[in-house]
1. Mind checking which residues of region 325-363 are of a type outside the set (Val, Ile, Thr), under 15 Å from Ala248 (Cα atoms) and touching a Leu at 6+ places or on another chain (Cβ under 8 Å)?
2. Given the options Val217, Val241, name the one that is surrounded by fewer than 21 Cβ atoms within 10 Å (Cβ to Cβ) and either touching a Leu at 6+ places or on another chain (Cβ under 6 Å) or not in a helix (DSSP H, G or I) (or both).
3. Checking Asp203 against (1) of a type in the set (Asp, Glu); (2) more than 30 Å from Val289 (Cα to Cα); (3) assigned to a helix (DSSP H, G or I), only one condition comes out false. Which one?
4. So Ala201 passes all but one of these: (1) over 30 Å from Asn161 (Cβ atoms); (2) among the aliphatic types (A, V, I, L, M); (3) modelled with pLDDT of 85 or more. Which condition number does it fail?
5. Are any of the residues in region 280-289 acidic (Asp, Glu) and not assigned by TED's automatic domain parsing to the domain that holds Gly174?
6. Give the number of residues within region 245-264 that are assigned to a helix (DSSP H, G or I) and either surrounded by fewer than 20 Cβ atoms within 10 Å (Cβ to Cβ) or touching a Pro at 6+ places or on another chain (Cβ under 7 Å) (or both).
7. Might you let me know whether region 375-397 holds any residue that is outside any loop (DSSP other than H, G, I, E, B), hydrophobic (A, V, I, L, M, F, W, C), touching a Phe, Trp or Tyr at 6+ places or on another chain (Cβ under 6 Å) and under 23 Å from Leu279 (Cβ atoms)?
8. Would you pick out the residues in region 383-417 that are surrounded by 18 or more Cβ atoms within 10 Å (Cβ to Cβ) and more than 31 Å from the chain's Cα centre (by Cα)?
Amino acid sequence: MFQQIIDRRLAGKNKSIGNRERFLRRHKDQIREAVKRAVDGRGIRDMAQGEDIHIPRRDIAEPVFGHGQGGKREMVHPGNQDYIRGDRIERPKGGQGGGGGGQASDSGEGDDDFVFHLTKEEFMQVFFDDLALPNLARTTLAETPEFKTHRAGYSSDGTPNNLHVVRSMRGAIGRRIALGSDARRQLLALEEELIALQTAAGDHKEEIAAVEAAIAVLHARIGRIPYLDPIDLRYRSRVRVPVPTAKAVMFCLMDVSGSMDESRKDLAKRFFILLYLFLTRHYERIDIVFIRHHTQAQEVDEQNFFHSTETGGTVVSSALVLMEEIARARYPTSEWNIYGAQASDGDNWHHDSGRCRELLAHSILPLCRYFAYVQVAEEEQNLWDEYSALAAESKAFAIRKVTEASQIYPVFRELFKKEGAAA
């Protein structure tokens, strides 16, 4: 028998998107670990792609209730040559007649991994979850300011959903009182006159009839006053007020000297690619300044920063000097949140490392909200020693060491985690 099921629900595509989001939230730790493993094995160009995620079936198993064999049973096993009355027969392992799951196993058990595909958007969401630029502050009004709506009293025009019923009824009552006050005053006087005529001696029929007619006219006049008039309607008025917005600039300083071999450059590029993806995804108003240096520093574009092959000696302070010049010329601290990230193997001209510390301590850190240094080599040289002493003195300065690709992601999350979030 052939059955055809037609889904005529009004929902559009991705009808199970709610279930998918709940699944991602529920297995957040397993998915984050799978994403970390995926990042470790990826090339630089594939960093922002989607990924197939494998989760062991045991991690997504749901608790179930089963009915055990109860009571007394008598069973006949044809061809039984192994058991006699009173023997206990063990249940098959795995609960399925000795069979296992989908994978080969020598113990009668096995399970297939649950595999699903994370889209690029979902991958990046997990990738940068709980990360933020430290100490980001709203500073000033940007060229295209953000707006926030505020209540601004009431207006006589608006949409029905903004109608303020109480304020409208209050206005209607006041209008009815104002328009009917004179008529009510006359009505009260005529009613008193009518009572006096009715109680007075003599024949006052004509006068009573005239007063009653006048009273009827006043009642009709008062009755014609509308209970609610369009001029009574009042609507909540809201105005858009520009508010300060957060503008930030990130300075990316990368060492491209001769001591930076291809493996070390690859580690530095991986770090800066993660930083670039994080910034462009999370922040709309963000400037990124790329600086490469050997003995001399140069501001370059994104293409040259990641792909240029220029090399030379090492003077790290040249990059710090250029960063300070650019920051003071183009990014006043009253309007911009300034950040810095530096990657190097730590090999530097001996007399220059002390100058690097002085530049950071007295010139750059006073401008910055946060500065991170990542060393892509195991050996600790004089630059690491100088930076370590500075990191102990300043909370806005952080240093980490990375020697292999698998360490990039954890170190990146540690450097840019939200306050109070787990790394």
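1. Passing the criteria: Ala327, Arg328, Asn337, Tyr339, Gly340, Ala341.
2. Val241
3. Only one criterion is unmet by Asp203, namely (3).
4. So the condition that Ala201 fails would be (3).
5. Taking region 280-289 as the starting set, the residues that turn out to be acidic (Asp, Glu) are 284, 287.
When the remaining residues are screened for being not assigned by TED's automatic domain parsing to the domain that holds Gly174, the result is 284, 287.
Scanning region 280-289 turns up at least one residue that is acidic (Asp, Glu) and not assigned by TED's automatic domain parsing to the domain that holds Gly174.
6. In the first step, residues of region 245-264 are kept if they are assigned to a helix (DSSP H, G or I); the result is 262-264.
Pick out the ones that are also either surrounded by fewer than 20 Cβ atoms within 10 Å (Cβ to Cβ) or touching a Pro at 6+ places or on another chain (Cβ under 7 Å) (or both) and you get 262-263.
Within region 245-264, residues that are assigned to a helix (DSSP H, G or I) and either surrounded by fewer than 20 Cβ atoms within 10 Å (Cβ to Cβ) or touching a Pro at 6+ places or on another chain (Cβ under 7 Å) (or both) number 2.
7. yes
8. Leu383, Trp384, Glu386, Tyr387, Leu390
The values are calculated or read from the model by the stated rules, or taken from the named source; none is laboratory data. Not measured: the values here are computed from a predicted model. Because the Cβ atoms are built from the backbone with ideal geometry, glycine has one as well, and the counts that use them run over all protein chains shown.
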